[in-house]
Amino acid sequence: MISDVRSVERPAGEPGDPPDDGAAELDFSAHLRPMFRLAVTLSSLDEADDIVQDALTRAWAKRHQFDLGRGSLRSWLLAIVADQARSRWRRPQPIWEVLDPGSLTTPAAGEVGADLRQAVAALPQRQRAAVILHHFVDLPVTEVAALMRCAPGTVKSTLHDARKALAIALGESYARD
């Protein structure tokens, strides 16, 4: 846990600094523990230090915007921690964007027909990712779930929906597994 931050004092007269509006000395150290606890609650123990560090960096950069009339320093810092944690959740799922259905091969049969490639490419991103990772890359459901950042049951449901859509697109009758 971050524990060596004391008070933050702004050096006087740095070029480009905003005018001194009372934010010359902010004591962040008294709020580190609640910041860390909130970060752990919103993310994980592994990411909490990074979130708090990012929040402190952000708070320092925006220190001139702090207004005691709008709330306490603690609430301002905790809001920044929450924002930093949320920004980690909003990151795009890159696994969906890098999978190219145009270069599909199966582990056993090799090259895949053009009609199947087109049908897979037409699937929604989430279904396409599940199909490619499970059926073409030959990963077990648990590993697909880890890559897609979801539960194995979600992958199974997604695969079920994708198989149904592929059967319809390819003109085959859908049979339950």
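The values are calculated or read from the model by the stated rules, or taken from the named source; none is laboratory data. From a predicted model like this one, the values you see are computed outputs, not experimental measurements. Methodologically, a virtual Cβ is constructed for each residue, glycine included, from the backbone with ideal geometry; neighbour enumeration extends over all protein chains shown. With ligands, DNA and RNA removed, areas are computed over all heavy atoms of the protein, side chains included. Shrake-Rupley method; radii C 1.70, N 1.55, O 1.52, S 1.80 Å.
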message: Just the residues that are under 14 Å from LEU38 (Cβ atoms) and hydroxyl-bearing (Ser, Thr, Tyr), please, taken from segment 49-77.
response: SER75
field: The listed residue being modelled with pLDDT under 85 and part of a helix (DSSP H, G or I), out of ASP46, ASP20, ASP54, ASP50
entry: ASP46
field: Positions within segment 131-177 being of a type in the set (S, T, N, Q) and over 25 Å from the mean Cα position of the chain (by Cα), in sequence order
entry: SER173
task: Would you mind finding the one in ALA82, ALA108, ALA30 that is modelled with pLDDT of 80 or more and open to solvent by 50 Å² or more (accessible area, probe 1.4 Å)?
output: ALA30
query: Does ALA162 satisfy the criteria of being small (Gly, Ala, Ser), buried (at least 18 other Cβ atoms within 10 Å of the Cβ), modelled with pLDDT of 85 or more and over 30 Å from LEU56 (Cβ atoms)?
result: yes
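Residue check: is ARG128 open to solvent by less than 60 Å² (accessible area, probe 1.4 Å) and over 19 Å from the mean Cα position of the chain (by Cα)? Step through it out loud before you land on a result.
Values: open to solvent by less than 60 Å² (accessible area, probe 1.4 Å): yes; over 19 Å from the mean Cα position of the chain (by Cα): yes.
Against the criterion (open to solvent by less than 60 Å² (accessible area, probe 1.4 Å) and over 19 Å from the mean Cα position of the chain (by Cα)), ARG128 qualifies.
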message: Which of the numbered conditions does ARG74 fail, given that it passes all the others? Conditions: (1) within 21 Å of ARG149 (Cβ to Cβ); (2) of a type in the set (D, E, K, R); (3) modelled with pLDDT of 75 or more.
response: (1)
- prompt: Out of segment 112-138, which residues are under 19 Å from ALA151 (Cα atoms) and charged (D, E, K, R)?
  reply: ARG126, ARG128, ASP138
- request: Return the residue satisfying two criteria in turn: it lies in segment 133-142 and is at pLDDT below 85 and not in a loop (DSSP other than H, G, I, E, B), and of such residues it is least open to solvent (accessible area, probe 1.4 Å).
  value: LEU133
